[in-house]
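Input: a single structure, listed below in structure tokens.
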Amino acid sequence: MKSRIMALAGVLLLVVMTVSFVGCSKADSDTIKIGGVFPLSGPVAVYGIEAKNGIELAIEEINAAGGVNGKMLELVGEDDEGSPEKSVNVYKKLVTKDKVEYIIGSLTSGCAAAIAPLAQAQKVLMLAPAATLTSITEAGDYVFRACFIDPFQGTVGGRFAAENLKAKKAAILYDIGNDYSIGLYENFKIAFEKAGGQVVAAESYSTGDKDFNAQLTKIKTANPDVVYLPDYYGTVALIAKQLRAQGITAPMIGADGWDGIIDNAGDEVLNGFYSNHYAADSTDPRVVNFVKAYEAKFNSTPVSFAALAYDCVFLLKDAMEKSGKTDATTLKDTLKDISGSYVTGTLSFDENRNPVKSAVMMEIVKKDGKLTPVYNATINP
């Protein structure tokens, strides 16, 4: 009797395990997990919040239309606080615990650079929405990005200063400890001088500095036609206030790190221009529909980080539908040949998996009493 009971218990246990296994397999097969790494807190939180919103909107739209090949998408997102060390920690959590095969993130170049070699080594497909540092995709063929890179963006700023603003003399104030800032500075200088301009002052500061008056005094003495400020919005807002307080009235030019500055600065950023990945006031139907849907869901106008992250989801979707597969290896082989029109423009990937696309220059103006970035010009590759 005892042996019969034990045998029956063994059969029941096997049945339970089989049912459980089948149930888990079915659940897993019906859902495609996408990992997200972004700063939801810390000094550049606006980037991460916007990116997360863009991903959520894209997933909502795709799932409402039936998903991808009948499977629903799911975001598993983590906050890296804009810290490369924490980016590595949350990356490891997503890959080992959540078992994701693809990650969208992180947002800043330093954080993305910290996880790119790991993604390559572990064959995790990585799409960096807004990390513009050139070396990020050099980690290998599992690493892509949706944004243009710093050499192009710095070149755009230099050409715009010389050709559109007709500037002859430029001053540059940059963060000597930030690869993003250094790369933009170097390429702005090359492009501006190539266009016939002269850099009359190049001053630096360290990450975290709050007082820039000593550098600005030297810049004021040089009497530039434009001042290039290649940094993120929080630092630029501090610099702009001190710059205007010193009586420097020249136009300021920046890059995509300025996105979000209108919510963190005052009228001192007027007469400011920055390169960006898309213009929310574009009349392109894709942009119009995206902005309308985003504003309805989040009650705010999306900045470029939302648009780039939104495009990342649709790039993954297009690769999945084109290949009929969802594994990271097949998708990276398919993605490199993807080309098409997205919210942030028409793109294709070059041999280093960087998108070939245009940039827009935005101007900060006052509309209805509010600071507003508006389209000013398009600069092509």
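The values are calculated or read from the model by the stated rules, or taken from the named source; none is laboratory data. On a predicted model such as this, the values are computed, not experimentally measured, just so you know. Cβ atoms come from the backbone with ideal geometry, glycine included; neighbour counts cover every protein chain shown. Side chains included, ligands, DNA and RNA excluded: accessible areas come from the protein's heavy atoms. Shrake-Rupley method; radii C 1.70, N 1.55, O 1.52, S 1.80 Å.
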Item to check | Val365 within 23 Å of Ala280 (Cα to Cα) and touching a residue at least 60 places away in the same chain (Cβ under 8 Å) | outcome: yes
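Conditions tested, residue by residue: (1) within 20 Å of Gly260 (Cβ to Cβ); (2) free of Cβ contacts under 8 Å to residues at least 12 places away in the same chain; (3) open to solvent by 10 Å² or more (accessible area, probe 1.4 Å).
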site	(1), (2), (3)
Ser87	yes, no, no
Val124	no, no, no
Leu133	yes, no, yes
Ala139	no, no, yes
Gln153	yes, no, no
Next on the checklist: Can you tell me which condition Leu73 does not meet? The list is (1) open to solvent by 50 Å² or more (accessible area, probe 1.4 Å); (2) in contact (Cβ under 8 Å) with a residue 24 or more places away in the chain; (3) under 19 Å from Phe144 (Cβ atoms), and all the others hold.
Outcome noted: (1)
Checklist entry - Does any residue in the range 193-215 that is among the small types (Gly, Ala, Ser) and at pLDDT 95 or above come within less than 7 Å, Cβ to Cβ, of a residue that is open to solvent by 60 Å² or more (accessible area, probe 1.4 Å) and assigned to a helix (DSSP H, G or I) six or more places away or on a different chain, and which pairs are these? => result Ala195/Arg159; Ala195/Glu163; Ala201/Lys218
Checklist entry - If we keep just the residues of the range 318-332 that are in contact (Cβ under 8 Å) with a residue 24 or more places away in the chain, open to solvent by 40 Å² or more (accessible area, probe 1.4 Å) and of a type in the set (D, E, K, R), which is nearest to Lys123 (Cα to Cα)? => result Asp327
Checklist outcome for this item: Within the range 219-258, of all residues that are in contact with a strand residue (DSSP E or B) (Cβ under 6 Å, 6 or more places away or on another chain) and not hydrophobic (A, V, I, L, M, F, W, C), the one modelled with the lowest pLDDT is Asp256
Checklist entry - Taking the range 278-309 as the region of interest, how many residues are at pLDDT 95 or above, under 30 Å from Arg244 (Cβ atoms) and open to solvent by 60 Å² or more (accessible area, probe 1.4 Å)? => result 0
Item to check | Members of the range 49-70 that are touching a helix residue (DSSP H, G or I) at 6+ places or on another chain (Cβ under 8 Å) and open to solvent by less than 30 Å² (accessible area, probe 1.4 Å) | outcome: Glu50, Ala51, Asn53, Gly54, Ile55, Leu57, Ala58, Ile59, Ile62, Val68
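Counting only residues that are charged (D, E, K, R), open to solvent by 50 Å² or more (accessible area, probe 1.4 Å) and not in a helix (DSSP H, G or I), how many does the range 165-183 have? Show your work before the answer.
Going residue by residue through the range 165-183, those that are charged (D, E, K, R) are 166, 168-169, 175, 179.
Among the residues that remain, those that are also open to solvent by 50 Å² or more (accessible area, probe 1.4 Å) are: 166, 168-169, 179.
Next, from what is left, pick out any that are not in a helix (DSSP H, G or I): 166, 168-169.
Result for the range 165-183: 3.
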Next on the checklist: One residue is enough: does the range 101-117 have a residue meeting the conditions touching a residue at least 40 places away in the same chain (Cβ under 8 Å) and more than 26 Å from Val343 (Cβ to Cβ)?
Outcome noted: no
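Is there a residue in the range 184-203 that is part of a loop (DSSP other than H, G, I, E, B) and basic (Lys, Arg)? Reasoning before the result, please.
The initial filter retains those residues of the range 184-203 that are part of a loop (DSSP other than H, G, I, E, B), namely 195-197.
In the following step, the residues that additionally are basic (Lys, Arg) were identified as none.
Scanning the range 184-203 turns up no residue that is part of a loop (DSSP other than H, G, I, E, B) and basic (Lys, Arg).
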Checklist outcome for this item: Within the range 289-347, residues being closer than 20 Å to Glu74 by Cα, in a loop (DSSP other than H, G, I, E, B) and among the basic types (Lys, Arg) number 1
Checklist entry - Applying the selection to the range 312-353, what residues are of a type in the set (Lys, Arg) and over 17 Å from the mean Cα position of the chain (by Cα)? => result Lys317, Lys322, Lys325, Lys332, Lys336
Checklist outcome for this item: Checked pairs for the range 222-241, first on the phi > 0 side of the Ramachandran plot, second of a type in the set (Lys, Arg), C-beta under 8 Å and 6 or more apart or across chains, list as Asn223/Lys169
Checklist entry - Does the range 293-305 include one or more residues that are under 14 Å from Leu57 (Cα atoms), of a type in the set (A, V, I, L, M, F, W, C) and over 19 Å from the mean Cα position of the chain (by Cα)? => result yes
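It is to be established whether one or more residues within the range 268-277 are loosely packed, with under 14 Cβ neighbours inside 10 Å and either out of contact with any Leu (no Cβ under 6 Å at 6 or more places or on another chain) or hydrophobic (A, V, I, L, M, F, W, C) (or both). Break it down stepwise before answering.
Looking only at the range 268-277, we keep the residues that are loosely packed, with under 14 Cβ neighbours inside 10 Å, and these are none.
Taking every residue of the range 268-277 in turn, none turns out to be loosely packed, with under 14 Cβ neighbours inside 10 Å and either out of contact with any Leu (no Cβ under 6 Å at 6 or more places or on another chain) or hydrophobic (A, V, I, L, M, F, W, C) (or both).
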